[in-house]
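Derivation of every value follows stated rules applied to the coordinates shown; laboratory data play no part. In this text, all values refer to a predicted model and were calculated from it rather than measured experimentally. A quick note on method: Cβ atoms are made from the backbone with ideal geometry, for glycine too, and the neighbour counts reach across all protein chains shown.
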Amino acid sequence: MRSVWMVVVSCAALACGAEGETNTGTDSSGSSSDGTGAMVTAAASTSSTSSTSTSSTAVSSSGQPNGSSTGPGSTGAAGSSSSGGSNSICEVGGLPARWQDGTRCPEETVQVHRYSDDTFILRQSLCTGFEAPFLYLLFGEDRVLLEDTGYNGVDVASVVSGIIDARLAERGQESIELVVVNSHGHGDHVGGNAQFQGLPNTTVVGFDVPSISSFFGIDNWREEVAEYDLGGRVLDVIPIPGHQSAHVALFDRAEGLLLTGDTLYPGRLYIQDFPTYVASVERMVAHVESQEVCRVFGTHIEMTDQPGVDFDFGADEHPGERALELGLEHLVELRDAVVAMDEPVQEVHDDFIIFPL
Ligand SMILES: [Zn+2]
């Protein structure tokens, strides 16, 4: 029988009714020049020669949280999880030393980090909601894909359009089609979808299985992997139900990025349907293990920088937060752990907590 606490956790973790503080994107710190509440940090070790240019165009480069180093000079591609050697695609991209952690509200409502020339990682501020989801913006030549749209009314669309305008200006490109995809259907990942509905040159795929299946041409949800070409950048769309029925992972072959949503991230991995989840994790491993996986990115951080120690549920300040990045080895560790379970049980690992509901 579930405790009351467990019920509360399961509901709020799925953002089924959470109504937190709403911040519509204004920046009271005065550090943002464009009113979107966004800040940009540039990849530290990207091979890009233009990695800082966005910060001078669409969105502000200001707002280093707490005086920390999230900009140039922060940690880079030499992450904990690279399968690539020299000249590998894994040398592309860099990550901030830390993300805004909610300890000094207000902070920028959306932190924008330029991972590489064509990959941006956005994090909604903990000050706007404790889920503080990560969003991903992946540019191809013909299309740009946004994974997830945040929640609690934060103005994600303005931030995204600022990044797109700046990137197009860099390229001397007139326009590009925006495709909005959701990692899964929970409220903290789809809350901003409506902001994109009806925008020119924009497609919002939807977050139910029929919509995703028909858009990507998936006939058998639990068996197939679809390919989606952004133009010189092919993504594999891998249905991974279990945390939620319409969950997908995206594998970006160009930069070796595996986006795992809420199925794997440094935090509590809430599992709604355990057998389905196990099968999905097995399929995800099977699909990517022969490929070059540079980094695994999920959509939250709930672990501290102490192995096996998480923040309290609902914590809206994350001092000493673990890094976002995971690697293929974590996915394999997760698979091995859940496959070995005779029945679903909570299990604490250094970098994540298996949390059947
Ligand atoms: Zn979530």
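Phi-derived couplings, Karplus 6.51 cos²θ - 1.76 cosθ + 1.60 at θ = phi - 60°, listed residue by residue for segment 173-178: 9, 6, 7, 8, 7, 9 Hz, with x used for Gly and Pro.
Of all GluC sites (Glu not before Pro) in segment 140-196, which ones are in loop regions per DSSP and have a Cβ with at most 14 other Cβ atoms within 10 Å?
Here the GluC sites (Glu not before Pro) that fit, given the DSSP loop and packing criteria, are 141, 174.
Quick one: what do you get for segment 174-217 if you divide its Cα Rg by 2.2 N^0.38 Å?
Values: Rg = 10.9 Å, N = 44, 2.2 N^0.38 = 9.3 Å.
Cα-based Rg divided by the globular estimate yields 1.18.
Between amide H atoms placed 1.01 Å from N, distances below 5 Å from residue 304 occur with 309, 310, 311, 322, all of them 5 or more places distant or on a separate chain.
Arranged from highest to lowest average of other beta-carbon atoms within 10 Å per residue, in what order do the peptides 334-344, 99-109 appear?
Going from most to least packed, we get 99-109, 334-344.
Remark: relative contact order (segment 181-277) = 22 percent; criterion is Cα-Cα distance under 8 angstrom and separation of 6 or more residues. For residue 261, the residues whose modelled amide H falls within less than 5 Å of its own, excluding neighbours fewer than 5 places apart on the same chain, are 299. Across segment 98-112, computed HN-Hα scalar couplings (Karplus, 6.51 cos²θ - 1.76 cosθ + 1.60, θ = phi - 60°) run 7, 9, 3, 10, x, 7, 9, 6, x, 10, 4, 5, 9, 8, 10 Hz from first to last residue, x flagging Gly and Pro. In order along segment 208-220, phi translates into HN-Hα couplings of 10, 4, x, 5, 5, 4, 6, 5, 8, x, 9, 8, 10 Hz, rounded to whole numbers, per the Karplus curve 6.51 cos²θ - 1.76 cosθ + 1.60 with θ = phi - 60° and x for Gly and Pro. Contact order for segment 88-155, expressed relative to its length and based on alpha carbon pairs under 8 Å spaced 6+ residues apart, stands at 23 percent. When both segment 143-212 and segment 234-309 are represented by their alpha-carbon centers, they are found 21 Å apart. Put simply, the amide H of residue 185, placed in the peptide plane, has neighbours under 5 Å in 246, leaving out anything fewer than 5 places away on its chain.
For segment 277-333, report the translational diffusion coefficient in µm²/s to the nearest whole number, using Stokes-Einstein at 4 °C, 1.567 mPa s, and a Kirkwood Rh over Cα pairs. Answer, rounded: 100 µm²/s. Protection proxy ranking of 200-208, 127-135, 304-312, by the mean of other Cβ atoms within 10 Å over each peptide's residues and highest first, is 127-135, 200-208, 304-312.
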